[in-house]
1. With just the Cα atoms defining each centre, how far is the stretch 170-201 from the stretch 207-238? Give it in Å.
2. Using only the heavy atoms of the protein chains and a 1.4 Å probe, how would R191, R52 rank by accessible area, largest first?
3. Kindly sort M399, M88 by accessible area of their heavy atoms, largest first, with the probe set to 1.4 Å.
4. Using the charge dipole of the chain (Lys, Arg: +1 at Cβ; Asp, Glu: -1 at Cβ; taken about the Cα centre), state which of T321, F351, T236 has its Cα farthest towards the positive end.
5. Choose one of A388, Y415, A143: the residue whose Cα lies farthest towards the positive end of the charge dipole of the chain (beta-carbon charges +1 Lys, Arg; -1 Asp, Glu; about the Cα centre).
6. Could you compute the net charge surrounding I133? Neighbours are other residues with a C-beta less than 14 Å from the C-beta of I133; K and R count +1, D and E count -1.
7. Report in % the part of the accessible area of the chain that belongs to carbon and sulfur, leaving out ligands and nucleic acids; probe 1.4 Å.
8. With θ set to phi - 60°, apply the Karplus curve 6.51 cos²θ - 1.76 cosθ + 1.60 along the stretch 173-184 and write out the HN-Hα couplings as whole Hz, x wherever there is a Gly or Pro.
Amino acid sequence: MSGPNPYKLAKQHVERVGKMMGLDEGVIDVLKTPRRELTVNFPVRMDDGSLRVFEGYRVQHSSVRGPCKGGIRYTPGITLDDVRALAMWMTWKCAVIGIPFGGAYGGVACDVKKLSKSELERVTRRFASEISIIIGPHEDIPAPDVYTDSQTMAWFMDTYSMNVGHCVPGVVTGKPIQIGGSQGREEASSRSVMYVVQEACKAKKLDIHGATVAVQGFGTVGWHVARLLQQEAGCTVVAVSDSSGGIYDSKGLFPARVQEYKKNGGSVVGYPGSKQISNGELLELGVDILVPAALETVITKDNAKRIKAKIVAEGANGPTTPEADEILFKKGILVIPDILANAGGVTVSYFEWVQDLQFFFWNVDEIRERLRSIMVNAFGVVNALANAEKVDLRTAAYMLALGEVARALELRGIYP
Ligand code: NAD
């Protein structure tokens, strides 16, 4: 990740909120320290016959409330600290929405754009084998994240199943439907963003119909957010972007057509009728709703003053730094934090895991209704706490999450 060290930021949040809540210092130490970390270096045979060593990580932050759960990302610059932060955020996310998981994360340092499909498969299978000593359907359940997808999870599940000698669909989530995936998983994080934005608009007395939206990132999360906000919530999506840059149209874009265009050309940039803008400009547009859905630490003390949106809904994990948070709060901008806004991904992953363990599958309407009910309830609880304590939604969400994990720790006791 670029910018400030996200693990440092993740720990700062825990220290600040833990102290505010009067938690014991030893408990704060437990909460901000990952339980288990595994670094693996493994060789992969490349298509040209050469051997290349890849470095990968799996960090399990907490299993106090249940098995560990969290994504796997393939990015060139990934570090152990990035993975530690992401693992910790997963713990809080699961606690905020009340699902019985702890947090984990993993990743491999590689550039997927420079690997062939067969190289990617060998990287995935070897990485899955390397970390299989700590993952399993009752220990730690990976899922897709940046530059990994349902195919990655299919290879992962197959590798684990081959190693144990029988089919174990519950070892990963985000799989294709045909091998134990859940209906509605791919759009789940984005759908939860839509549900909390709808609730936030009610809280801010902002009419969501026709509200203008800018979305940074047009990958799994960003594209579905843009699509759902436009098609189901009735918003006008005026800007979207990807790693090549952004596009703007004051009359509104049709996300489905932009997606079609990106599929053919590889980027949203150049979409007919749109004006090209930079990723930085997108964040500062005068829109009602801003959804950062690409990278960490993109809203910092340097650009927070210029953010004009009324609501910032964090589709990405960790897009706002603590200094920026303060500035946005003072400006009256409602930031719906990542650990609440994009929690639909892990919620439907939880549904997938439950379905896999029972070998009994639900239909898409059941998935969406259960997800909606969890998200609306979680937003209500966090918003009420924020109002009662006169704090921002992130602080309230952390208070709720830290309280849940600390209480679980107290109930279980410290072993031995
Ligand atoms: P993805 O790989 O599908 O998409 C990432 C998008 O970001 C791509 O459009 C890419 O072009 C864009 N991007 C990359 N560099 C950029 C840059 N410098 N500026 C602007 N855009 C850039 O990843 P994703 O799964 O959509 O994840 C995006 C974010 O959402 C991450 O923070 C991830 O942790 C978080 N998230 C993902 C899930 C999930 O289920 N996939 C769930 C919760 C949270």
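1. Here the answer is 16 Å between Cα centres.
2. Descending accessible area places them as R52, R191.
3. M399, M88
4. Toward the positive end, the furthest listed residue is T236.
5. The Cα lying farthest towards the positive end belongs to A388.
6. With Lys, Arg at +1 and Asp, Glu at -1, the neighbours total -1.
7. Carbon plus sulfur share of accessible area: 52 percent.
8. Values per residue, Gly and Pro as x: 10, x, 7, x, 3, 5, 10, x, x, 9, 4, x Hz.
The values are calculated or read from the model by the stated rules, or taken from the named source; none is laboratory data. What you see is a predicted model, and the numbers here were worked out from it, not measured in a lab. Cβ atoms come from the backbone with ideal geometry, glycine included; neighbour counts cover every protein chain shown. Ligands, DNA and RNA are stripped out before the accessible areas are found, and what is left, the full protein with its side chains, is counted by its heavy atoms. Shrake-Rupley method; radii C 1.70, N 1.55, O 1.52, S 1.80 Å.
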